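Colleague: What follows is a structure written as structure tokens; I'll ask about it next.
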């Protein structure tokens, strides 16, 4: 406890760090206040149907990421997810299209161009998502919940004054959230977009905890003992997730000695840290996108067999759904790792800098060695990632409420752990730079998070 108090004092002593933390907290407060500003014309007292709809499934996940703004019909209802979608698309384009690959290699100027394109793509996505949200809102709420109320109108169109004005507000709201995230990245502490997602997830935790406690005490039984056991299991899952996020395999690299004048360069041993889960959270995102396809097909299908097939694959607590989801995550982990980690490029860079892996020939043999090591460590990483992803479904089967179960795994837990570690590392770097002690007894928090914004 004494160590913690001293660390907080040291953080507060550093003026630049203090200003960054205060600035970050201020931006987060603005975001949280905006999450409760309801769209003009919507009666906040009649949102019970929308809140029930957003309590589970895909909409429940979106509601969690938005910090409850989705179910509140807020101006920030769509949150940061359109920007995340645009960032993922730009990532994929950077892997497949030479023009975007060239931009990625241009440094700061290329990064600025990609960021600008991402913003434009975000607006395009919002143009499609905003009307869909308004259409869903109008279908879920009674006609009198939206003003001005006309008794002759039984359904509000997206092309009405309310629809068009709400679409503009939703688009502007999401762009404002994106801007707030960028402000945090520039002038605050941590990755702004990731922090906004994390705050949205954490904001739902107190309600989920209270709901689970009430459920255990009054409805499902088990009382306080079962609730404590659930908390203990949650802590264990978080610890396992931290191990997954931080796990690395270090490959030793020896650099040849060079004599330049009277000075000797090289001759030291360094390490290449290969992450156990280099793909981050992306395999879960891709797998979820595939698993939601049957739901879409079922909506257009009239055939009973097809609808039944879709029903099996949309039961998020079903055996077939979870096994398929688990296998897809393993496959996507290997796929995404293969396209993001380039052993040939690593071997080439090592060779240019006079480095070599002891016992391995430079060039092709080095690339094959790195690829072999990467393949072996990706298997346990993908299996762990798969278990983390299906953990919410497993705990729902034993009676945990849907809201609380979301914290046991999946995208939300991975992002939560990854962002917290990344932010703590940034704070620690400020402390160590000023010759203060780090945040841990061993010296410093190791590794870098691969779970910011777009899963990297």
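The values are calculated or read from the model by the stated rules, or taken from the named source; none is laboratory data. Just so it is clear, the model here is predicted, and its values are computed rather than measured. Because the Cβ atoms are built from the backbone with ideal geometry, glycine has one as well, and the counts that use them run over all protein chains shown.
Colleague: Within the range 77-94, how many residues are surrounded by fewer than 24 Cβ atoms within 10 Å (Cβ to Cβ) and over 16 Å from residue 199 (Cα atoms)?
Modeller: 10
Colleague: So is residue 414 at pLDDT below 85, buried (at least 21 other Cβ atoms within 10 Å of the Cβ) and on the phi < 0 side of the Ramachandran plot or not? Quick ask: steps written out before the conclusion?
Modeller: Numbers: at pLDDT below 85: yes; buried (at least 21 other Cβ atoms within 10 Å of the Cβ): yes; on the phi < 0 side of the Ramachandran plot: yes.
So residue 414 fits the description; yes.
Colleague: Just wondering, is there one or more residues in the range 240-248 that are assigned to a strand (DSSP E or B), outside the structural domain of residue 95 (by TED's automatic domain parsing) and modelled with pLDDT of 80 or more?
Modeller: The first filter runs over the range 240-248 and keeps only residues assigned to a strand (DSSP E or B), leaving 248.
Next, only the ones that are outside the structural domain of residue 95 (by TED's automatic domain parsing) stay: 248.
Narrowing further to those that are modelled with pLDDT of 80 or more: 248.
Yes - at least one qualifying residue is present in the range 240-248.
Colleague: While we're on this one: From the list 114, 80, which residue is assigned by TED's automatic domain parsing to the domain that holds residue 161 and at pLDDT 85 or above?
Modeller: On the way: 80 fails: at pLDDT 85 or above.
Being assigned by TED's automatic domain parsing to the domain that holds residue 161 and at pLDDT 85 or above holds for just one of 114, 80, which is 114.
Colleague: Within the range 156-166, is even one residue modelled with pLDDT under 80, touching a strand residue (DSSP E or B) at 6+ places or on another chain (Cβ under 9 Å), more than 30 Å from residue 23 (Cα to Cα) and in a helix (DSSP H, G or I)?
Modeller: Looking for residues that are modelled with pLDDT under 80, touching a strand residue (DSSP E or B) at 6+ places or on another chain (Cβ under 9 Å), more than 30 Å from residue 23 (Cα to Cα) and in a helix (DSSP H, G or I), one finds at least one in the range 156-166, hence yes.
Colleague: Hey, any hits in the range 121-133 for a residue that's modelled with pLDDT of 85 or more, more than 15 Å from residue 173 (Cβ to Cβ) and in contact with a helix residue (DSSP H, G or I) (Cβ under 7 Å, 6 or more places away or on another chain)?
Modeller: Yes.
Colleague: I'd like the residue in the range 262-297 that is surrounded by fewer than 17 Cβ atoms within 10 Å (Cβ to Cβ) and farther than 30 Å from residue 358 by Cα and, out of all such residues, is modelled with the lowest pLDDT.
Modeller: Of all residues in the range 262-297, those surrounded by fewer than 17 Cβ atoms within 10 Å (Cβ to Cβ) come to 262-273, 289-290, 292-293, 295-297.
Now narrow it down to the ones that are farther than 30 Å from residue 358 by Cα: 289-290, 292-293, 295-297.
Details: 289: 69, 290: 75, 292: 67, 293: 66, 295: 60, 296: 56, 297: 59.
Only one residue tops the list, namely 296.
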